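K.L.:
Mind looking over this structure? Questions follow.
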Amino acid sequence: MKAVYKTDQGRVRQNNEDCGGTFVNRDGHRLAIVADGMGGHKAGDVASKMTVSHLQEMWEQSEGIQTADDAEKWLNTHIIQVNKLVFEHANNNPECDGMGTTIEAVITTNHFATIAHVGDSRCYILNDIGFQQLTEDHTLVNELVRTGQITREDAEHHPRKNVILRALGTEPDVRIDTKTIMFEDGDILLLCSDGLSNKVNEEQMHTILLTTEDSLEQKATTLINLANENGGEDNITLIILEFDENIERG
């Protein structure tokens with residue numbers, strides 16, 4: 001598995017409320033996380049950092065995850081734990097009242113990738129079939145699109161585009177979307193915060209990821225630079241994962 005993680009403050013925000021990283025457990029399996037601290041709320045950076053640091057600590061101590069059921073159970077169990085931690089921290093610290101974060105977390109092994117999703121960060125896949133989004137945004141605007149009340153074109157410029165319906169740490173309980181896919185040699189996963197997906201369209205993402213002469217590092221840099229060139233109003237965070245059987249087992 002090859003992996004690259006990058007985050008950028010963008011051109012407008014005064015600080016970076018995104019957090020993320022890729023981490024390896026005792027079996028050599030990888031956990032990738034993108035967490036976008038809720039913009040406009042207090043201490044979004046606290047929520048995202050708490051989420052990533054807790055999951056990193058738990059993952060690096062873990063072992064024995066062999067099946068998709070194992071992976072989905074691990075993600076659900078530990079994300080529910082994190083939700084409780086963040087929610088209690090916000091309740092006990094007035095300066096953190098109302099904080100929350102999205103989460104995109106993916107466990108990859110040599111046979112599959114398991115995705116856990118809350119909020120409007122995204123996971124895309126590039127494989128033999130093409131390039132497609134694997135997650136469904138938990139936003140008001142996406143719900144309006146899903147129920148046929150507005151079109152996808154309307155959604156792009158909707159005044160309530162940033163209203164999130166589901167996040168980590170804002171309620172005592174959280175509903176998590178999970179799914180497992182086969183992850184095969186040459187496949188690429190792109191995890192990102194909405195600072196990227198709001199500024200770089202899917203066709204552009206697809207084209208950049210297909211650029212065979214560029215390394216994963218160069219592709220990540222190109223994506224972030226393009227988001228900044230298109231305004232960079234938000235923090236921009238991404239992870240690119242590529243399954244390459246010739247590089248590394250795990």
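The values are calculated or read from the model by the stated rules, or taken from the named source; none is laboratory data. Please read all numbers here as calculations on a predicted model, not as lab measurements. Methodologically, a virtual Cβ is constructed for each residue, glycine included, from the backbone with ideal geometry; neighbour enumeration extends over all protein chains shown. Surface accessibility is based on the protein's heavy atoms, side chains included, excluding ligands, DNA and RNA. Shrake-Rupley method; radii C 1.70, N 1.55, O 1.52, S 1.80 Å.
K.L.:
Please state, as a whole number in µm²/s, the translational diffusion coefficient that the Stokes-Einstein equation yields for the chain at 25 °C and 0.890 mPa s, with Rh defined as the Kirkwood radius across alpha carbon pairs. Mind dumping the intermediate values first?
P.N.:
On the way: Rh = 18.2 Å.
Translational diffusion coefficient: 135 µm²/s.
K.L.:
Let me ask another. Just subtract the alpha-carbon distance of residue 157 and residue 173 from 0.36 nm times their residue separation and send over the number in nm, one decimal. It would help to have the intermediate numbers written out before the result.
P.N.:
Working: separation 16, 0.36 × 16 = 5.76 nm, distance 3.10 nm.
Once the chain is fully extended between residue 157 and residue 173, it gains 2.7 nm.
K.L.:
Under unit Cβ charges (Lys, Arg +1; Asp, Glu -1), what dipole magnitude, rounded to 20 debye, does region 128-250 have relative to its Cα centre? Could the numbers behind the result be given before it?
P.N.:
On the way: 10 positive and 26 negative charges, 122 e Å.
Charge dipole, region 128-250, about its Cα centre: 580 debye, nearest 20.
K.L.:
Can you list the trypsin sites (Lys or Arg not before Pro) in region 133-226 that are in a DSSP coil and have 12 or fewer other beta carbons within 10 angstrom? Working shown, then result.
P.N.:
Numbers: sites: 146, 152, 160, 161, 166, 175, 179, 199, 219; in loops: 160, 161, 166, 175, 199.
Taking region 133-226 and a limit of 12 other Cβ atoms within 10 Å, the loop trypsin sites (Lys or Arg not before Pro) found are 160, 175.
K.L.:
What dipole magnitude, in Debye to the nearest 20, does region 1-145 give about its Cα centre under +1 on Lys/Arg Cβ and -1 on Asp/Glu Cβ?
P.N.:
Roughly 340 debye for region 1-145.
K.L.:
Related question: Give me the extension gain from residue 12 to residue 132: residue separation times 0.36 nm, minus the current Cα-Cα distance, reported in nm with one decimal.
P.N.:
Numbers: separation 120, 0.36 × 120 = 43.20 nm, distance 2.90 nm.
Contour length minus Cα-Cα distance gives 40.3 nm.
K.L.:
Tell me which residues come under 5 Å, amide H to amide H, from residue 18 once H is placed; ignore anything under 5 positions away on its chain.
P.N.:
Excluding prolines and chain starts, which carry no amide H, the hits are 37.
K.L.:
A further question on this structure: How many Å² of accessible area per residue for region 170-250, probe 1.4 Å? Present the calculation step by step, with values, prior to reporting the outcome.
P.N.:
Working: 3850 Å² over 81 residues.
Each residue of region 170-250 exposes 48 Å² on average to a 1.4 Å probe.
K.L.:
I would also like to ask the following. List the relative contact order of the chain as a percent without decimals, with contacts defined as Cα pairs under 8 Å and 6+ residues apart.
P.N.:
Values: 554 pairs, mean separation 71.6, N = 250.
It comes to 29 percent, rounded to a whole number.
K.L.:
Please report, for the Cα atoms of region 95-149, the Rg to one decimal and the Dmax as a whole number; what are they, in angstrom?
P.N.:
Rg, Dmax (Cα atoms, Å): 14.6, 48.
K.L.:
Could you pull the Cα extents of region 1-140 along its three principal axes, largest to smallest, in whole Å?
P.N.:
44, 33, 27
K.L.:
Now for a different question. Between residue 203 and residue 246, what FRET efficiency comes out of the Förster formula 1/(1 + (r/R0)^6) with R0 = 25 Å and r the beta carbon distance, rounded to 0.05?
P.N.:
Working: r = 29 Å, r/R0 = 1.17.
Computed FRET efficiency for residue 246 and residue 203 comes out at 0.30.
K.L.:
Working out 0.36 nm times the residue gap between residue 212 and residue 149, then minus their Cα-Cα distance, what length gain in nm do you get to one decimal?
P.N.:
Details: separation 63, 0.36 × 63 = 22.68 nm, distance 4.03 nm.
Here the answer is 18.6 nm.
K.L.:
Using a simple charge model, +1 on the beta-carbon of Lys and Arg, -1 on the beta-carbon of Asp and Glu, nothing else, what dipole does the chain show about its Cα centre, in debye to the nearest 20? If you can, show how the numbers build up before the last one.
P.N.:
On the way: 21 positive and 43 negative charges, 108 e Å.
Result for the chain is approximately 520 debye, rounded to the nearest 20.
K.L.:
While we're on this one: Counting only protein heavy atoms, what percent of the accessible surface of the chain is carbon or sulfur at a 1.4 Å probe? Before the final figure, lay out each step's value.
P.N.:
Values: 5110 of 11650 Å².
So the carbon and sulfur contribution to the accessible surface is 44 percent.
K.L.:
Give me the distance between the Cα centres of region 104-172 and region 59-97, rounded to whole Å.
P.N.:
One Cα centre to the other: 20 Å.
K.L.:
Here is a further query. With a point put 7 Å past each Cα toward its Cβ, work out how far residue 112 is from residue 84 in nm, to one decimal.
P.N.:
2.6
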